[in-house]
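Each remark here refers to the structure printed beneath this line.
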Amino acid sequence: MYITVNAVKLYYDKTGNGSPLIMVHCNSMSHKIFNAAVKVLSQHFTVYCPDSRDHGKSEKVKTLHYEDMAEDMAQFITGLGLEKPVFYGFSDGGIIGLLLAYRYPDMLSRLIVSGASLNPDSTKDLPMKFFKLWSHFDRSDKMRIMMREPDITDEILKGITVPTFVTAGEKDVIKLSHTQHIADTIPGAKLRIFPKEGHSGYIMRSTKIADYILEVTRE
């Protein structure tokens, strides 16, 4: 299905029945990374999985900005008439979720983010070197956005009032200190570090994140 939001046409899948849950993927991927989790979650929620702008089947753009992508999600929610959805974001999706929750404090019922960054310095040195190399071959703006954004300040984190749950892998490409800072600075946020996991192993084509979402949405 398609919806036009913020002057961009977004593709999304809708599966299941129940209260709304939105799942937003990482950089350079699409909603399909959540297929295994959606099979579990769709038994409890109506799951909406959009492709971010310039990703998957959604409309291409020349330049990407996380603020624009957060506004896409705000208009996605209002455009579909979703009432207090749970928002789950992985990596870039987590950045989008943090910005969305700050800008629209009454829009979500819960925010769950995995592997989100505060700024380009959040990424460990070796992965960032790889992303910089990749950016020379990728004609899109997907890698380059990670070189200059986001800029999530303590003011933003302290302004998030929705119940928030922060996760990362023990071996994540995001520095643990930055993940810890997100959880420590958002009022009342809870942190879960998944042992022996990297950035994506417990999320992409996995049901582990589905189990965690079910756990925290029952609290």
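No lab work stands behind these numbers, since they all come straight from the coordinates. Keep in mind that what you see is a predicted model, and the values were worked out from it rather than measured. As a convention, Cβ positions derive from the backbone with ideal geometry for all residues, glycine included, and neighbour counts pool all protein chains shown.
With the Kirkwood sum run over all distinct C-alpha pairs, segment 172-211 has a hydrodynamic radius of 11.3 Å. The separation of segment 1-63 from segment 205-219, counted between C-alpha centres, amounts to 17 Å.
If you add up the charges near Gly198, with Lys and Arg at +1 and Asp and Glu at -1, over every other residue whose beta carbon is less than 14 angstrom from its beta carbon, what do you get? Intermediate values should be presented prior to the final figure.
Details: positive: Lys124, Lys171, Lys175, Lys196, Arg205, Lys208; negative: Glu170, Asp172, Glu197.
Charge balance in the 14 Å sphere: +3.
Computed from Cα atoms alone, the Kirkwood hydrodynamic radius reported for segment 36-89 is 12.7 Å.
What residues of segment 176-217 lie in the reach of a label at Ser19, counting those whose backbone N is under 15 Å from a point 7 Å from the Cα along Cα→Cβ? The answer is 213-217.
Tell me whether segment 1-127 comes out rounded, prolate or oblate; compute the Cα gyration tensor, take square roots of the eigenvalues as a ≥ b ≥ c, and use a/c under 1.5 as the rounded threshold. Taking the square roots of the gyration eigenvalues as a ≥ b ≥ c, segment 1-127 is rounded. Cross-link pairs exceeding 19 Å in C-alpha to C-alpha distance, out of Lys142/Lys190; Lys62/Lys142; Lys9/Lys39; Lys32/Lys57; Lys32/Lys62, comprise Lys142/Lys190; Lys9/Lys39; Lys32/Lys62. Along its principal axes, segment 2-217 has C-alpha extents of 42, 36, 33 angstrom, given from the largest down. Taking 18 Å as the straight-line reach from the Cα of Lys124, the aspartates and glutamates in range (excluding those fewer than 8 positions away in the same chain) are Asp92, Glu149, Asp151, Glu170, Asp172, Glu197. The gain in end-to-end length when the Asp151 to Leu176 segment is fully stretched comes to 7.3 nm, 0.36 nm per residue minus the alpha carbon separation.
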